[in-house]
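The values are calculated or read from the model by the stated rules, or taken from the named source; none is laboratory data. Since we're looking at a predicted model, the values are computed, not measured. Neighbour counts are summed over all protein chains in view; Cβ atoms, including those assigned to glycine, are modelled from backbone coordinates with ideal geometry. For accessibility, only protein heavy atoms count, side chains too; no ligands or nucleic acids. Shrake-Rupley method; radii C 1.70, N 1.55, O 1.52, S 1.80 Å.
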Amino acid sequence: MFLKELLAAAEIFSVEFNSEQLNQFDDFYKLVLDWNKKINLTTIIEPKDFAVKHIIDSISIWNDEIFSEVKTVIDVGTGAGFPGIPLKIFKPNLKITLLDSLSKRTNFLTKVINELNLKKITVIHSRAEDAAQNPEIREKFDLSVSRAVAKLNILSEYCLPFVKIDGYFAALKSTNIETELKASKNAIKILGGNFYKNIEIKLPNDDPRNLIYIKKILTTPKNFPRRAGTVEKKPLT
């Protein structure tokens with residue numbers, strides 16, 4: 001049932017998956033269902049909803065034209081692996097890092113990687129505020145992505161420190177983004193970014209989305225991101 005729904009959604013969204021990818025998506029879905037009984041991974045578990053709102057939504061962030069030179073990706077606050085795992089299956093040559101602060105979720109992600117036999121993918125158990133101060137991964141990625149539910153100025157402080165100059169931060173947002181974009185303009189500038197493009201899309205269920213692309217043009221000041229708890233309590237304006 002799940003693969004049927006995924007194939008139908010992929011056809012509407014004009015993407016194709018080979019047999020190996022379909023098997024990996026199916027195995028991923030089964031692992032989510034199994035682990036969801038033990039830990040809270042997602043409330044979206046029905047086959048059609050999972051296919052559209054998790055798989056297609058995750059890969060929608062990819063843009064071949066903008067990301068033609070992208071090789072390394074970090075998924076900040078990945079949770080159950082969205083968008084990182086679907087993106088890895090969709091673009092297997094990418095080197096992906098999954099970052100999450102909850103050990104139960106990172107244990108699950110490690111299981112997924114092993115079960116699906118995914119290569120060039122790493123899991124890091126850490127808060128974004130702490131991980132971004134690690135010189136081994138700070139400003140080392142071509143692309144930072146996030147589906148976390150937070151305002152763009154907050155997400156930018158979490159994500160832009162990981163991006164190298166000329167790289168990108170991409171965020172999946174819902175509709176009515178204009179006000180949020182305006183309110184985040186100065187924060188993005190402070191963090192070394194510059195608004196690049198907003199692409200409006202519709203998922204196969206006609207659920208609208210905005211794909212926000214921010215380009216990194218300057219080094220992020222060393223004092224960002226601020227320490228744990230500060231980013232959301234006192235967002236940059």
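Of note:
- When shorter helices are ignored and each DSSP H run of at least 4 residues is given -39500 (n - 2.57), the per-residue value for the chain at 222 nm works out to -9500 deg cm²/dmol.
- Loop-exposed GluC sites (Glu not before Pro) per DSSP, neighbour cap 12 Cβ within 10 angstrom, longest uninterrupted part of the chain: 137-237
- If the convex hull is drawn through the Cα atoms of the range 67-165, its volume per residue in Å³: 93 Å³
- The accessible surface of the range 183-233, taken with every protein chain in place and a 1.4 Å probe, is 50 percent carbon and sulfur.
- The label-point distance for T219 and S68, in a model that sets each label 7 Å from Cα toward Cβ, rounds to 2.9 nm.
- Assigned charges on the beta-carbon of Lys, Arg, Asp, Glu; the range 101-215 dipole about Cα centre (debye): 100 debye
- On Cα atoms only, tilt of 2-13 relative to the major axis of the chain in degrees: 60 degrees
- The chain: relative contact order in percent, alpha carbon pairs under 8 Å with at least 6 residues between: 17 percent
- Of the residues V123, N107, F67, the one whose Cα sits farthest toward the positive end of the charge dipole of the range 21-138, with +1 on the Cβ of Lys and Arg and -1 on the Cβ of Asp and Glu, is N107.
- Rg/Rh for the range 1-83 stands at 0.97; both radii use Cα atoms, and Rh follows the Kirkwood definition.
- Diffusion coefficient (Stokes-Einstein, Kirkwood radius over C-alpha pairs, 4 °C, 1.567 mPa s) for the range 138-189: 115 µm²/s, rounded to a whole number.
- Per atom type, the range 102-173 shows carbon and sulfur on 47% of its accessible surface, probed at 1.4 Å.
- Remark: the range 88-237 carries 51 Å² of accessible area per residue (probe radius 1.4 Å; ligands, DNA and RNA excluded).
- The trypsin sites (Lys or Arg not before Pro) found in the range 1-88 that occupy coil by DSSP, while having at most 14 further C-beta atoms within 10 Å, are K37, K38, K71.
- Taking Cα centre as origin and charging only the Cβ of basic (Lys, Arg, +1) and acidic (Asp, Glu, -1) residues, the dipole magnitude of the chain rounds to 980 debye.
- Which of T179, S144, P208, positive extreme of dipole for the range 105-217 (C-beta unit charges): S144
- Orientation-averaged projected area, Cα convex hull of the chain (nm²): 11.8 nm²
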